[in-house]
1. Can Ala208 be described as closer than 25 Å to Asn80 by Cβ, small (Gly, Ala, Ser) and either open to solvent by less than 40 Å² (accessible area, probe 1.4 Å) or at pLDDT 95 or above (or both)?
2. Is at least one residue of the stretch 179-192 in a strand (DSSP E or B), surrounded by 16 or more Cβ atoms within 10 Å (Cβ to Cβ) and touching a Ser or Thr at 6+ places or on another chain (Cβ under 8 Å)?
3. Within the set of pairs 6 or more residues apart or between chains, which connect a residue that is among the basic types (Lys, Arg) and at pLDDT 95 or above inside the stretch 106-130 to a residue that is in a strand (DSSP E or B) and open to solvent by 20 Å² or more (accessible area, probe 1.4 Å) with Cβ atoms less than 9 Å apart?
4. How many of the residues making up the stretch 102-117 are acidic (Asp, Glu) and part of a strand (DSSP E or B)?
5. Out of all the residues in the stretch 43-81, which are among the acidic types (Asp, Glu), more than 15 Å from Lys118 (Cβ to Cβ) and outside any loop (DSSP other than H, G, I, E, B)?
6. Do you know which of the residues in the stretch 55-85 that are β-branched (Val, Ile, Thr) and either out of contact with any Lys or Arg (no Cβ under 6 Å at 6 or more places or on another chain) or modelled with pLDDT under 95 (or both) is farthest from Lys196 (Cα to Cα)?
7. Residue check, Gly52 against (1) open to solvent by 100 Å² or more (accessible area, probe 1.4 Å); (2) of a type outside the set (Val, Ile, Thr); (3) at pLDDT below 95; (4) closer than 24 Å to Lys144 by Cβ, all met but one. Which one?
8. What pairs come out if I take residues in the stretch 28-42 that are farther than 14 Å from Lys100 by Cβ and pair them with residues that are surrounded by 14 or more Cβ atoms within 10 Å (Cβ to Cβ) and among the charged types (D, E, K, R) whose C-beta lies under 8 Å away, six or more apart or interchain?
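The values are calculated or read from the model by the stated rules, or taken from the named source; none is laboratory data. Remember, it's a predicted structure, so these values are computed and weren't measured experimentally. Here the Cβ positions follow ideal geometry from the backbone for every residue, glycine too, while neighbour counts run over all protein chains shown. Only protein heavy atoms, including side chains, enter the accessible area calculation; ligands, DNA and RNA are left aside. Shrake-Rupley method; radii C 1.70, N 1.55, O 1.52, S 1.80 Å.
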Amino acid sequence: MGNKMKHLWICITVFAMVLLVSTTAQAATPKSNALKAYKKLLSQKTIKWGDGSRKVPLKDCEFSLAYVDNDSVPELFISNNTAVSHAEGSALLYTYKNGKLRFVNNLFMDYRKFSYYKKKGIYTDNHFQMGVTVSTYYKLTNYKGITKLRTYKEEVDVDRNGKLTTTYCVVRSVNSKNVSKAKFNSELKKLVGTQKKSSLVWRKNTKANRTKYIK
């Protein structure tokens, strides 16, 4: 009887250990690994500002999470409006792919204008230069932002009255082609369907906010 009980307890112990290992393995999902990597990045003292060489204090930054592409892992946005120049762009976009934290691209976000189409992979950045507002529609593919569409809004003088004109543009590979507004909207619908655009919610980069919102 004693040997049978001993054997039973050994079986129970082994089963419990296997269950624990299995549960732990399942808990380490791509999303949980991504959030851990995001927290680690935001916890540093400084960050290399995208594809530039300068470093920026992370305590002066804000962050936001958004589901841009069609997977279970949100993307990370980091913003700074004081320590970076207009040419560098005021925000950075990161994603987590194949077990690694990946930098995607610098974002201008002029006038804090930015939108994305949830889980459609499309995000729109705005850049103001020489009287023209350029809105670029990117497709997040793996960990690259591929330009798909653009609009150019310019205020011109018509008989001394200001008039806002918009040029619509479709980007194919490295070539751009001006199109009608109807054609532009048709191309956009191919990319996003009926999904409405969303905006980001920014949080100051503090330990308390990282704990509360990155989960």
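1. Numbers: closer than 25 Å to Asn80 by Cβ: yes; small (Gly, Ala, Ser): yes; either open to solvent by less than 40 Å² (accessible area, probe 1.4 Å) or at pLDDT 95 or above (or both): yes.
Judged against the criteria, Ala208 is a match.
2. Taking the stretch 179-192 first, the residues in a strand (DSSP E or B) are 179.
Among the residues that remain, those that are also surrounded by 16 or more Cβ atoms within 10 Å (Cβ to Cβ) are: 179.
The next check asks that each one be touching a Ser or Thr at 6+ places or on another chain (Cβ under 8 Å); those that pass are none.
For the stretch 179-192, residues in a strand (DSSP E or B), surrounded by 16 or more Cβ atoms within 10 Å (Cβ to Cβ) and touching a Ser or Thr at 6+ places or on another chain (Cβ under 8 Å): absent.
3. Lys118/Ser198; Lys120/Lys139
4. Start the filter on the stretch 102-117 by keeping residues that are acidic (Asp, Glu), which leaves 110.
Going one step further and asking which of them are part of a strand (DSSP E or B), we end up with none.
Here the count works out to 0.
5. Asp60, Glu62
6. Here is the first cut: in the stretch 55-85, the residues β-branched (Val, Ile, Thr) are 56, 68, 73, 78, 82, 84.
Going one step further and asking which of them are either out of contact with any Lys or Arg (no Cβ under 6 Å at 6 or more places or on another chain) or modelled with pLDDT under 95 (or both), we end up with 56, 68, 78, 82, 84.
On the way: Val56: 33, Val68: 12, Ile78: 23, Thr82: 31, Val84: 31 Å.
In this case the residue turns out to be Val56.
7. Failing condition for Gly52: (1).
8. So the pair list comes out as Lys39/Arg210; Leu42/Arg210.
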